[in-house]
Each structure stands twice: as C-alpha cells, then as structure tokens.
Amino acid sequence: MFSHARTGRASHAVVAALVTATLAVGGALAGAQPSAAAHPGTYAVKGVDTSHHNHDGTGKAIDWKRVARSNSFAFLKATQGSSYRDPWFARDYKAVAATSLMRAPYHFFDPKGTRDGAAQADHFVRTARAAGYTGSRAGELPPVLDVESVWVKGKEVCPKALRADQLRTFLQRVRTAFKVTPIVYTRASFVHDCMGGNGKVFQGYPLWLARYGSGAKEPQSVPGAGAWTFWQYTETERVPGMPGRNGTDGSADRNVYRGTLAQLRALAHLGGGAPQPRPGASWPTLKAGQRGADVTTAQLLLGARGYATAADGVFGEGTQRQVKAFQRSRSLTADGIVGPATWARLVVTLKSGAKGHAVTALQRQLTDNGHAVTADGVFGAGTETKLRTFQRTRGLTADGIAGTATWAALVGAGSGR
C-alpha cells in the first residue's frame, strides 16, 4: 500500500485474517495450506484492497457487484495519519456492504510525532464507525493497520517518527474499540530496514504481508511476529469491476488468504459453513433494453435450447421474442423477462466432454468472474480446472460440473452487467 500522497496507484487494505481465536492459528492453519513455496494461484480464497487511487484515473465508482464475482474479501483504505480521510471510503464501504464480499477498513500509519499513536487510532475508529463498520457485524473482518514506508519528495523512506510503543498504543486502542484483534499489514523488509529487524510489537496479530513478482516465493516471515495469513502478491492485476480507461477493466492489488473459505467466513462473523446459493434471489433479472455479459449468456443458452438469437449482448426484440417462445414451451408466464424461474429452466447442466453454445456461455462467465478460459464451446480439461477453482472460491462442491447452483453463482452476483 502507499500513502495518499503518492502519485502512482495505490494502497492496500485487504482483509481477513484470523479472529481472536485465530491467534493460535499457526497450528490450525498449517495443515490446510499448500506447501511453503506455493504459487499464489494455488490459494483458492482471493480478495482485493483499494483506496482513492483506484478511482483517480477515471473518477468513476468501482462496480463492487462485479468485483464480488471473482473475490471473497475486500479491504478499503479509510484513513492516514491523524487527520486524512480517504475521499472514496464511505461510498465504497457502503457499496461493498451490499455485496457478498467480506470487508474491513484499514489505516495507513503515518506518524508526524513520536506520541500520536492514540490520535491516529481515534481518527481511524471515528471514520470507520461513521461509515457503518462495527467490527462485529456479519460480513465484517477485523480492522487493519498498514505499517510501511512513506513517500517523501518522491522517495520511499522510513517514517522518522515511527516508534514501536506508538504502534502498540494504536493496536491496543483499536482492539478495545472494536473488540476484535486487528490485522497488521507490513513487509519483512520494512521491519528489517525501519524497525531494526524487530517485529515483536506485531506478535499475536494476524499478518498481511506483501511480496510482488515472486513467483512461488511466499512473503518472508516477520522477525519476532511470524508468518503471513494474507499475502498481497501483486498491485497490478486486472480485476473485473475496477474502473479502467476507455471502458476497460482497471487493475488493483490482489491478495490471497492462507486458510479456507469457511475459516474466513468464521472470522467475518458468518459462521464456518459455506455460503448457500439462493436461486430465487440471486439470479439477475433481464428484460428488453438491457445490455451486457449476462444478456449474452441468456442468448447463448436460448440457442442451446433451440431458440437461436444473436449473442450480441443486446436484449432487443429478437431476444425478447425467443424468450417468450421458450417460456411458453415450459409453461412459464410468457412476459419476455428472464427472471429466476426462467433462468432455472434455461441453464444446462454441463460436464467434461460437452460442446456447444451452453459451454461457450459457461466459459465466458468463468472469464468474467476472473477465471479466464478460451470460449471455444468445448468443455475440456482447462474448462474443468477453472470451473473447479471457481466452485471452491464460492464454497460450492468442486465437482467440475456446472449445475444450477454453479450457474446461479456465476450469473447471480446481481449486477445484470
């Protein structure tokens, strides 16, 4: 992450770690992880962290419903120092809270004096609460303290006024306010260069560590504090839903969680069970005049059912006519609107070896959900692998078969994009 003063793109604040009970997580998670040299792609639970930098290039809002299709959690920058508030935090937090994303705010520690730990903590707590964060509501992850280099005259330097006792004050004050153990974002190299190699002040706090472009090399453990729970592995990954130039998807910081989805959900006060798909409520509703990827999916599925129409992503008269014809054939209300009942009859159960328009629809949805695969209409090994990965990230049975629950998770994030 970076301070708000940096001219490049920015900050991080992702989420998830372990709740107070998870402080003893070392052993609990050890058996659930890939090997110590695993590539970030081997971790199924992914998330983003954002700040105003994700908006600065376009001035546009993030489409959080689309982001939720390929991510499980999000950390949002709330504050920096003792007075700065991220101008997009309140809006972003409200929008994220309306999705399935687990979420938390983060604070960029920027000391201007050797005794301002309490002031920074109070500023962060006030801002987070004003946005609706409590630390204990369903879907809320622990708050995050971001401790890293600051930018001075275009260079990254150690904060001159950084003191371990002030970090301790901040963490204790935030823990008391929200009654949950905060997460700490930092790097082993920062602790070495700016804290004399002693990270003991972070001992007992779940760590979110950064290491970019490292292939299969995970972040180094922090001296005196331990190994990572969250890994920020890039700051430049294209994420569907992030605003980009000329209508393209923009980039964002991407992170992985070291545990299982059930563990992350438990940390976010959602219970340890997998999220259950809600077919009636989660399908998008499509009607004449709409455009986007979900319209294309419906058109391809209509073709697979024998009601061919151009798969151009535009819900025009031709598409409406075929929807009505399909509805009549299934004894549904022929209103030309693709709602939950129509989706449930329209989707096709697919598995390895299948071919055709429905497979193309599946492949395009997987790509739009962040699991890119060639849309060639052939359900081969590559499609099955991507489908299983998607199913794991959504808490579904990872059987590589696209049934109703999987289709609902793919097209049912609610944006109707």
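Nothing in this text is a laboratory measurement; each read-out follows from the coordinates by a stated rule. Given the structure is predicted, the values throughout are model-derived calculations rather than measurements. All Cβ positions, glycine included, derive from the backbone under ideal geometry; neighbour counts span all protein chains shown.
The ellipsoid that matches the Cα gyration tensor of the stretch 353-399 has semi-axes, each √(5λ) in whole angstrom, of 17, 11, 8, with the longest given first. Mind checking which of Val180, Val152, Val48 has the largest fluctuation in a GNM of the chain, springs on alpha carbons under 10 Å? Among Val180, Val152, Val48, the largest mean-square fluctuation in the Gaussian network model of the chain belongs to Val152.
In the stretch 287-352, what is the volume of the convex hull around the alpha carbon atoms, normalised per residue and reported in Å³? Intermediate results must be reported in sequence, preceding the final value.
Values: hull volume 5.4 nm³, N = 66.
About 82 Å³ per residue, rounded to a whole number.
Note on the stretch 204-355: the C-alpha convex hull projects to 13.6 nm² when averaged across all orientations. For trypsin sites (Lys or Arg not before Pro), the sites in the stretch 303-348 that DSSP calls loop and that have at most 16 other Cβ atoms within 10 Å are Arg330. Highest mean packing first, where packing is the average number of other Cβ atoms within 10 Å per residue, the peptides 202-209, 181-188 line up as 181-188, 202-209.
Helix 317-329 and the longest principal axis of the Cα set of the chain meet at an angle near 70°.
Both numbers refer to the Cα atoms of the chain; Rg and Dmax are 22.6, 74 Å.
For Lys351, the lysines whose Cα falls under 19 Å of its own Cα, not counting residues fewer than eight places away in the same chain, are Lys386. Seen from all directions on average, the stretch 279-411 presents a Cα convex hull projection of 7.1 nm².
Mind scanning Lys287/Lys324; Lys46/Lys77; Lys112/Lys160; Lys46/Lys179; Lys65/Lys94; Lys60/Lys94 and naming the pairs with a C-alpha gap bigger than 20 Å? List each step's numbers first, then the result.
On the way: Lys287/Lys324 11 Å; Lys46/Lys77 18 Å; Lys112/Lys160 8 Å; Lys46/Lys179 25 Å; Lys65/Lys94 12 Å; Lys60/Lys94 16 Å.
Lys46/Lys179, as the Cα separations exceed 20 Å there.
Of the beta bridges in the chain, as assigned by DSSP with both residues counted there, near 45 percent are antiparallel.
Can you tell me what percent of all Cα-Cα pairs in the stretch 112-159 are more than 18 Å apart? Could the numbers behind the result be given before it?
Details: 543 of 1128 pairs.
It works out to 48 percent of all Cα pairs.
Could you tell me whether the stretch 142-224 comes out rounded, prolate or oblate from its Cα gyration tensor? Rule is a ≥ b ≥ c as square roots of the eigenvalues, rounded for a/c under 1.5, then prolate if a/b exceeds b/c, otherwise oblate. Since a/c reaches 1.5 but b/c is at least a/b, the shape of the stretch 142-224 is classed as oblate. Mind running the shape call on the stretch 20-267? Use the C-alpha gyration tensor, a ≥ b ≥ c as the square roots of the eigenvalues: rounded below 1.5 for a/c, prolate if a/b tops b/c, oblate otherwise. Verdict is rounded for the stretch 20-267.
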